[in-house]
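Worksheet: one structure, shown below.
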Amino acid sequence: MTNSVTVIIQPYGKRISVPKETNLLEAIREAGVIIRSVCGGQGECGKCKVIIEKGDVQTSYGKNDLLTQAEIDKGYVIACLSRCLSDCYVYIPPETRIEGQKIQIDVKLPHIKPNPIIKKVFIPMKSVEKDLQHYISNYFDGEIEFPQHILNKLRILRGLHREGVTAIIRSDNNIYKLIDLEGGDTSRQKFGLAIDIGTTKIVVFLVDLNSGAIIDSLSEYNAQLAYGEDLVSRISYAMEYKGGLKVLQKSVVESINRLIRQMINKHGLRTSEIYDVCVAGNTVMTYLFIGEDPSPLLETKIKVEIPRNPFIIDVGDIGLDVNPHARIYCLPAAGRFLGGDTIGDILVSGIHKSPDISLLIDIGTNVEVVLGGEGWLLATTAAAGPAFEGWGVRFGMRGITGAIESVTIDANTLKANYKVIGNAKPKGICGSGLIDLVSEMFRKGIIDTLGKINRKLDSPYIREGQDGYEYIVVPKEESGVGMDIVITEKDIANLIDSKSAACAAVAVLMKKMKLSVGDISKVFICGAFGNYINPNNAMAIGLIPEFSNAEIVYLGNGSVGGAYLTLVSKNYREQAIEVAELIAYYDLLKDADFMDEYLAGFVLPGKKELFPVWWDISRKKAL
């Protein structure tokens, strides 16, 4: 009797042999297939649902009705709650696949003059023979370290390159170090990488360090997605599984290396020509990338002090495919949930040097808010929850192919008109689409100020379902999942909860500084999700206050932007540390005002003083 079973995973055509009773989600991961798993396999989110076409599995359906009876009848199971008892044919349905992620690469960068930490100096052979160290020293104002093992390369280089050699010098705080010698004049070949390590995606810029030009930009999923879509799930995996931290680190490094190989092959470069790497990410992603234990970041019983200095490590410590003498610079954090990605946002926006009062907001599972101007920055974070990324919303999903990204509703027929990422048949609704949808339902009177669906409306798109009343966004015949795509009152309640937390974080900072919505001059909306938000709809549902006098600026991917600025300019590395130290972090968990503001957001759109125009309009419509 064999102790192993074969799992065949369609439509990918993957086959894997695993021990009998292996967790099905683990088997799918081992086969190299990444599927939705918001909770990381804890049986909480119900997003890793798959169809067993053939074979026996031991399964439970979990709590909170993770599957409908119709899905159970079709052979659906929750992968993380199932174990393989025999050879299995597993089909990954469209709503569970992760493919075609809409990733934000662009960023609104300030103009800067390149001043990287890497310098290359060509030394003619006659100067090499005379006194190489003296020749190099004339270029720099400061102490220079000349490691003997690097100087020992001269004997070989002299015989191969009679024209001379090129010295590669790295500067750290006006202390210079010779890190390599190359034959011939290679001074024009000097490249670096700016990397954004996001929870979902990774973005890499290939940069010419001489000119500051971005030669190429590529992105792909963070392979850590297979171990949970949210930060807590990743930390839990690192803590609970033997070698879990190493697995997560290896996953992200391999994801980056795949992008590096694509870039150097495309442009005919060598990995040895990449001399510097700058990385930005939230605090958890940074810890997992460098292999630092992330468990203290979940500690709530004691005050956790996060170093506000950048992590600087040798590439050999983690195996990145660049020049072996290169170093990796990670932008500093300012708190457990205020990481280098937010520092990058601030650097790109320039609010720390602006005389105007500005607000910077990045909305995701966590919302980061920074209020400030020249010489002062007040910041906070709030757990907005993953509703805008699909958790807690029956047909919620990330911004991937098949996700509805924008919605309007016909005022006469109440039929939804929608735009789908990738022009595919709709499989669900992503965050920007959910904001549009709730806003349109509120504007058209389908829901009231409490988010309840109007029972008096006579419409084929409104009906009673298993979770109460629901609105049909996409009829079955138009959908790509073989069923009606709906939004329920339960979904709307979860979305209101998330938007209330985000808005409350903004409101508390403004209250502490005794500012009104009319005092804000600029609002910077950051991040991939933020770039696709319609600000009018976000204000209509109370996600962000009405800033009547403010210029709305879409910053784009400020995280990779910050990595780029610190890669190209030593001055921005100094600013990164200054910003991290300047930020006064405000803990909302200890503030009574936060609960008041949070609860006020449960009535759409929110407090009248935050929504002076839309509050009046919505009340008149209700009358």
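The values are calculated or read from the model by the stated rules, or taken from the named source; none is laboratory data. Note that the structure is predicted; figures quoted are calculated from it, not measured. Heads up, the Cβs are rebuilt from the backbone with ideal geometry, glycines too, and the neighbour counts pull from every protein chain shown.
Looking across the range 184-203, the residues that are hydrophobic (A, V, I, L, M, F, W, C) and touching a residue at least 60 places away in the same chain (Cβ under 8 Å) come down to 191, 193, 194, 195, 197, 203. Among the residues of the range 260-295, those that are crowded, with 23+ Cβ neighbours inside 10 Å, within 30 Å of residue 184 (Cβ to Cβ) and of a type outside the set (Asp, Glu) comprise 274, 275, 277, 278. If you check 307, 332, which single one turns out to be without any contact (Cβ under 8 Å) to a residue 60 or more places away in the chain, assigned to a loop (DSSP other than H, G, I, E, B) and either out of contact with any helix residue (DSSP H, G or I) (no Cβ under 8 Å at 6 or more places or on another chain) or outside the structural domain of residue 570 (by TED's automatic domain parsing) (or both)? The conditions single out 307.
Of the candidates 144, 117, 112, 123, the single residue that is touching a helix residue (DSSP H, G or I) at 6+ places or on another chain (Cβ under 7 Å), under 30 Å from residue 350 (Cα atoms), buried (at least 16 other Cβ atoms within 10 Å of the Cβ) and touching a residue at least 12 places away in the same chain (Cβ under 8 Å) is 117. Looking across 176, 139, one residue alone is aromatic (Phe, Trp, Tyr) and surrounded by fewer than 17 Cβ atoms within 10 Å (Cβ to Cβ). It is 139. Selection of the range 518-547 for residues being of a type in the set (A, V, I, L, M) and touching a Ser or Thr at 6+ places or on another chain (Cβ under 6 Å) yields 533, 540, 541. Among the residues of the range 1-40, the ones that are touching a residue at least 24 places away in the same chain (Cβ under 8 Å) and more than 29 Å from the chain's Cα centre (by Cα) come to 8 in all. Looking only at the range 363-370, decide whether some residue is at positive phi and modelled with pLDDT under 95. The answer is no; no qualifying residue exists.
Restricting 192, 184 to residues that are more than 35 Å from the chain's Cα centre (by Cα), of a type in the set (Gly, Ala, Ser) and either within 21 Å of residue 313 (Cβ to Cβ) or surrounded by fewer than 22 Cβ atoms within 10 Å (Cβ to Cβ) (or both) narrows the list to 184.
Of the residues screened, residue 313 is one that is assigned to a strand (DSSP E or B), within 17 Å of residue 194 (Cα to Cα) and touching a strand residue (DSSP E or B) at 6+ places or on another chain (Cβ under 8 Å).
One line per residue, one yes/no per condition, for (1) surrounded by fewer than 17 Cβ atoms within 10 Å (Cβ to Cβ); (2) of a type in the set (S, T, N, Q); (3) touching a Cys at 6+ places or on another chain (Cβ under 9 Å):
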residue: 298; (1), (2), (3): yes, no, no
residue: 309; (1), (2), (3): yes, yes, no
residue: 320; (1), (2), (3): no, no, no
residue: 326; (1), (2), (3): no, no, no
residue: 334; (1), (2), (3): no, no, no
residue: 339; (1), (2), (3): no, no, no
residue: 354; (1), (2), (3): yes, yes, no
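For (1) of a type in the set (Phe, Trp, Tyr); (2) part of a loop (DSSP other than H, G, I, E, B); (3) at pLDDT below 90; (4) outside the structural domain of residue 49 (by TED's automatic domain parsing), each residue gets a yes or a no:
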residue: 355; (1), (2), (3), (4): no, yes, no, yes
residue: 378; (1), (2), (3), (4): no, no, no, yes
residue: 392; (1), (2), (3), (4): no, yes, yes, yes
residue: 399; (1), (2), (3), (4): no, yes, yes, yes
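Only one of the listed residues (288, 298) is at pLDDT 95 or above and either over 21 Å from the mean Cα position of the chain (by Cα) or of a type outside the set (S, T, N, Q) (or both). That residue is 288. Screening residue 317 against (1) within 30 Å of residue 150 (Cβ to Cβ); (2) free of Cβ contacts under 8 Å to residues at least 12 places away in the same chain leaves a single unmet condition, (2). For the range 453-476, a residue qualifies if it is more than 34 Å from the chain's Cα centre (by Cα), of a type in the set (D, E, K, R) and not in a loop (DSSP other than H, G, I, E, B), and the qualifying residues are 463, 464. Run down 44, 30 and say which single residue is touching a strand residue (DSSP E or B) at 6+ places or on another chain (Cβ under 9 Å) and either of a type outside the set (Lys, Arg) or at pLDDT 85 or above (or both). Of 44, 30, the one residue that is touching a strand residue (DSSP E or B) at 6+ places or on another chain (Cβ under 9 Å) and either of a type outside the set (Lys, Arg) or at pLDDT 85 or above (or both) is 30.
Would you check if there is a residue in the range 494-508 being touching a Lys or Arg at 6+ places or on another chain (Cβ under 8 Å), within 17 Å of residue 538 (Cβ to Cβ) and in contact (Cβ under 8 Å) with a residue 24 or more places away in the chain? Yes, the conditions are met somewhere in the range 494-508. When the range 203-232 is filtered for residues that are under 15 Å from the mean Cα position of the chain (by Cα) and polar (S, T, N, Q), the ones remaining, listed by number, are 219, 222, 224.
For the range 161-177, the candidate set comprises residues that are part of a strand (DSSP E or B) and under 36 Å from the mean Cα position of the chain (by Cα); within that set, the residue that is farthest from residue 125 (Cα to Cα) is 172. Name the single residue that is farthest from residue 204 (Cα to Cα) among those in the range 234-257 being in contact with a Phe, Trp or Tyr (Cβ under 8 Å, 6 or more places away or on another chain) and in contact (Cβ under 8 Å) with a residue 40 or more places away in the chain. Among those that are in contact with a Phe, Trp or Tyr (Cβ under 8 Å, 6 or more places away or on another chain) and in contact (Cβ under 8 Å) with a residue 40 or more places away in the chain, it is 237. Put simply, of 527, 542 the only residue that is under 24 Å from the mean Cα position of the chain (by Cα), on the phi > 0 side of the Ramachandran plot and at pLDDT below 90 is 527. Of all the listed residues (211, 187, 217), the sole one being at pLDDT 90 or above, in contact with a strand residue (DSSP E or B) (Cβ under 7 Å, 6 or more places away or on another chain), in a loop (DSSP other than H, G, I, E, B) and within 29 Å of residue 257 (Cα to Cα) is 187. Checked against (1) part of a helix (DSSP H, G or I); (2) surrounded by 21 or more Cβ atoms within 10 Å (Cβ to Cβ), residue 204 meets all criteria but (1). Scan the range 435-446 and give yes if some residue there is of a type in the set (A, V, I, L, M), assigned to a loop (DSSP other than H, G, I, E, B) and surrounded by fewer than 19 Cβ atoms within 10 Å (Cβ to Cβ), otherwise no. Among the residues of the range 435-446, not one is of a type in the set (A, V, I, L, M), assigned to a loop (DSSP other than H, G, I, E, B) and surrounded by fewer than 19 Cβ atoms within 10 Å (Cβ to Cβ), which makes the answer no.
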